[in-house]
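Below you'll find the structure, written out as structure tokens, and then a few comments.
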Amino acid sequence: MAGDSIRLSPEEPTARIPVIVHNRSCTEIDPDTGEGLVFGVSLWAANGERLSVESVRSPLSARIAGGAEHYQWVTVHVPPEYFSRVRELRVGLLLQGEYWVENLHPAHSQKLALETGSPDAPAKLEMAIAESTWPRGANNLLRWPYSAMMVSESQRLLYVPIAKCACTTLKTLMIELADIPHRELASLMGVHWVTDRFNTGVQLKDKPMAAAREILASQDYFKFTVVRDPVERILSAYLEKFVYKRHNPRNLLHTRPVLEQVQQSADIDIERGITFEEFVAHITQCSPHDLDSHWRPQYLYIKGVPHFHGIYRLEHIDQLASDLGEHLGRGITLDHQNRTEKSTSMLDGAARMLPGDIEAAGSIDPASLLDETIRDRLASYYSEDVQLYHQAGR
């Protein structure tokens, strides 16, 4: 764990912390055996008394080979009525769900002093952990989109991530294949947030300029990307970021500038939001280069990249897995991590409904948001993407 304290509040009494387990034995630790290994959190008062309150438990999530390390999230929680008494949390492993390892090995548990603080404490904790693990900044002056491209030099792979095109799945794969430290922690904390803000070694921005240019120009790398029907991509982006997850702090990083301009106020009304009709009217008046990455045209992501091995449609991701497996010499499975089942329930007039009304209607067919005028406007604005999509996979 990073740091020796944790900041919680009665309003936000729960947080997740990343932990690392070192298996210093020669035998595998298997969570599925009768040992029943789980992470537990004990609460301690200022006088050294252990409080008799049951805290949250987190199962060990994977096997750990002898001599190996394992990262995972562990949930910590302090009941609000105990905040006046708790001064320390101890995170450790329990055998068979009841025997604390620290009873045999007192140095085993990790101690965290409790600091009371603001409701955004969990996010600040994640930032502190990341900042103690990776440096900020870049090693070159590459501009977007080249700076965000992901590379595995040992596997001769270059991936061009396009937002809303299975990029979470493929970024996670690239993290696994890259020769970088703290790979598991990067995947655990969120590949988008970590790789874009920190120098992890997996993006071209993290490489020396000469090496980055050589990789971009090389014909020896398997270079690939995934594209999506441009209208479906915009529908997906709106429903996720402006409707169903509109209060998510990380989504607000992308939606706030749009909300401010459409609502014409810096004091945005997140709950009200904007309609899909307003969203389309806004983005189609902007320069494509000025749009957020989630609705920026896809052709801009790949412009100027030579020697692509393949540009795959999202629905052909199994073919990409097959081609990657052939290149790597081993089987590859790509599970679309953020995929949601498509509803067939149509909602009349959805394009002019506010997010709360759409949300109240439950899961809807995204096509409910389209009428002939909106469809034509999107097809015209994203005409290069329409052409790119039709050419992909040929």
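Some observations on this one:
- Partners for LYS111 among lysines (Cα-Cα distance below 22 Å; same-chain residues under 8 apart left out): LYS124
- Within the chain, percent of DSSP bridges classed antiparallel, to nearest 5: 75 percent
- Distance between the 7 Å Cα→Cβ label points at ILE270 and ALA379: 3.7 nm.
- Of the chymotrypsin sites (Phe, Trp or Tyr not before Pro) found in the stretch 248-356, those that fall in a DSSP loop while having at most 16 other beta-carbon atoms within 10 Å are PHE308.
- Only Lys, Arg (+1) and Asp, Glu (-1) charged, at Cβ; the chain dipole about Cα centre in debye: 940 debye
- Expressed as a fraction of 2.2 N^0.38 Å, the value expected for a compact globular protein of N residues, the C-alpha radius of gyration of the stretch 123-211 is 1.01.
- Rounded if a/c under 1.5, otherwise prolate or oblate - the chain, Cα gyration tensor axes: oblate
- In this calculation the C-beta distance from ALA46 to GLU11 is compared with R0 = 30 Å, giving a FRET efficiency of 0.85.
- For the chain, calculated [θ]222 nm from helices alone, where every DSSP H run of n ≥ 4 adds -39500 (n - 2.57): -8500 deg cm²/dmol
- Global form of the stretch 205-282, assessed from the alpha-carbon gyration tensor, a/c cut-off 1.5: prolate
- Extending 7 Å from Cα along the Cβ direction at ASP32 and again at ALA210 yields two label points whose distance is 4.9 nm.
- Pairs from LYS164/LYS205; LYS205/LYS303; LYS171/LYS245; LYS164/LYS245; LYS171/LYS207 whose Cα-Cα separation, in the structure shown, is over 24 Å: none
- DSSP-loop GluC sites (Glu not before Pro) across the stretch 121-200, with at most 10 other Cβ within 10 angstrom: none
No value in this document is a laboratory result; all are computed from the given coordinates. Because the structure is predicted, anything quoted here is derived from the model rather than measured. Note that each Cβ is placed from the backbone with ideal geometry, even for glycine, and that neighbours are counted across all protein chains shown.
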